[in-house]
Structures are given as structure tokens and as C-alpha cells.
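**Q** Just passing along the structure, written as C-alpha cells.
The values are calculated or read from the model by the stated rules, or taken from the named source; none is laboratory data. Nothing here was measured: the structure is a model prediction, and the numbers come from that model. So basically every Cβ, Gly included, is an ideal-geometry build from the backbone, and we count neighbours across all protein chains shown.
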Amino acid sequence: MVDEEELRKWFSNSERIVIVGIGNPIRGDDFVGLKITQNLQGKVPKNVYLIECETVPESFTQMIVDFDPTHIILIDAAVMSKRPGDSVLIEPESLPVFSAISTHVLPLRIFCDFLAENTRAKIALLLIEPAQTSFGENLSLTVEDSAKKIVDLFIRIFTGSDQS
């Protein structure tokens, strides 16, 4: 699980935050980024802009740029050779430009590079190891549990309370 102190430190001095949920709603655990974003709806302050972009985050670039964020975090499933449900916070620079890390049309590194060039925002990826990404609309129990913990973590960081 991503470390709470690490995430709090990453969000320090944030004024306008964009959380981008990425994934495919019919590919099992690949849905986790969207699920987290959906579960945060109505539970975060107004300075947190939640975007559910499925597998085409590049279609939302103008909305992100127009919000003028100080911090952008992209949440996605990624095969990282970790245990299912494990999550890590990484900087986009650590991703290869052409990566097989996800199922998206445009590699996330290129998307992040574009955002970095067009915003003044600090950018990171919160990646969650999937248990399965075969066709189906349900998260595995392990990844579902991790998603709930991440939602609770964001709520604590943004509001100072636990609302799950």
C-alpha cells in the first residue's frame, strides 16, 4: 500500500488538485483507477477535480490544463511484478516513453510529458498491481480492498476525516 506520509508529503502545498482515474471498466482490475475516482465523488473538497477518463486520458488534456492544477495524480492498474493490490507512487520520469505498462492508446509517459509542458503542476502516478485483467466488470477482492483503502487515504489527506 502506498505510504500515507509519502502521499501527504507529495500533496504538500497543493492548491488545485486533479485526480485522473484511468482504466477499462470491462477488464477486471484494470477498472481500479476509475473505481477510486468514482468512490471519491462527493467526498473531497472543491479544489479537487475528479476525472474518469477510462482508457483515453489524452481526451481530457484541455480540461486538466484549464483547471490550472498545482498537482495532478493519475491512478491506474499496472503490472509491476508486485503482489495484487500493492500500490506505488511514482514520478512520470521513471516510466519509459514507450511502455507496455497499460492498455492505453497513448503511453502514460507521453501524456504526463504533455501535462508537464502545459501546466505548472507536480505530476505523479499511483499504480496498483492487478490480480486479473480478463474481461469482466468486477474487481478482484484484493484489488477492491486496496481501492477502498486508497479512497480512505485520500479522504483523510484532503479532509482530515475518514468517511468510508
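**Q** Which condition number does Lys35 fail, the rest of (1) more than 18 Å from Ile150 (Cα to Cα); (2) at pLDDT 95 or above being met?
**A** The failed condition is (1).
**Q** In segment 78-96, which residues are assigned to a helix (DSSP H, G or I) and either out of contact with any Cys (no Cβ under 6 Å at 6 or more places or on another chain) or among the acidic types (Asp, Glu) (or both)?
**A** Within segment 78-96, Glu93, Ser94 qualify.
**Q** Write out, first by first residue and then by second, each pair whose Cβ atoms fall under 9 Å of each other, whose residues are 6+ apart or on separate chains, and whose first residue, in segment 142-161, is under 16 Å from Glu5 (Cβ atoms) and touching a residue at least 40 places away in the same chain (Cβ under 8 Å) while the second is assigned to a helix (DSSP H, G or I) and among the acidic types (Asp, Glu).
**A** Hits for this filter: Leu153/Glu4; Arg156/Glu4; Ile157/Glu4.
Conditions (1) within 19 Å of Val143 (Cα to Cα); (2) in contact (Cβ under 8 Å) with a residue 40 or more places away in the chain, marked per residue:
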residue	(1), (2)
Ile17	no, yes
Leu34	yes, no
Asn39	yes, yes
Val44	no, yes
Val48	no, yes
Ile51	no, no
Thr55	yes, yes
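**Q** Find the residue count for segment 67-77, including only residues that are crowded, with 19+ Cβ neighbours inside 10 Å and not in a strand (DSSP E or B).
**A** Qualifying residue count for the region: 1.
**Q** Filter segment 121-141 for residues that are within 24 Å of His71 (Cβ to Cβ) and either without any contact (Cβ under 8 Å) to a residue 12 or more places away in the chain or assigned to a strand (DSSP E or B) (or both) and give the result.
**A** Of everything in segment 121-141, those that are within 24 Å of His71 (Cβ to Cβ) and either without any contact (Cβ under 8 Å) to a residue 12 or more places away in the chain or assigned to a strand (DSSP E or B) (or both) turn out to be Lys122, Ile123, Ala124, Leu125, Leu126, Leu127, Ile128.
**Q** Right, something else. What do you reckon, is Val79 out of contact with any Phe, Trp or Tyr (no Cβ under 9 Å at 6 or more places or on another chain) and modelled with pLDDT of 95 or more?
**A** So Val79 does not fit the description; no.
**Q** Taking the criterion of being in a loop (DSSP other than H, G, I, E, B) and either surrounded by fewer than 19 Cβ atoms within 10 Å (Cβ to Cβ) or at pLDDT 95 or above (or both), would at least one residue in segment 57-66 satisfy it?
**A** No; the residues of segment 57-66 include none that is in a loop (DSSP other than H, G, I, E, B) and either surrounded by fewer than 19 Cβ atoms within 10 Å (Cβ to Cβ) or at pLDDT 95 or above (or both).
**Q** Show the residue pairs meeting these rules: Cβ distance below 7 Å; 6+ apart or different chains; first residue within segment 104-120 and closer than 15 Å to Ser59 by Cα; second residue assigned to a loop (DSSP other than H, G, I, E, B) and modelled with pLDDT of 90 or more.
**A** Filtered contacts from segment 104-120: Leu115/Ala121.
**Q** Is it fair to say Val2 is at pLDDT below 95, closer than 19 Å to Ile123 by Cα and touching a Leu at 6+ places or on another chain (Cβ under 6 Å)?
**A** It is true that Val2 is at pLDDT below 95, closer than 19 Å to Ile123 by Cα and touching a Leu at 6+ places or on another chain (Cβ under 6 Å).
**Q** Restricting to segment 12-56, what's the tally of residues that are buried (at least 21 other Cβ atoms within 10 Å of the Cβ) and of a type in the set (S, T, N, Q)?
**A** 1
**Q** Turning to a different aspect of this structure: Among residues belonging to segment 7-32 that are modelled with pLDDT under 95 and part of a strand (DSSP E or B), point out the one that is nearest to Asn118 (Cα to Cα).
**A** Ile22
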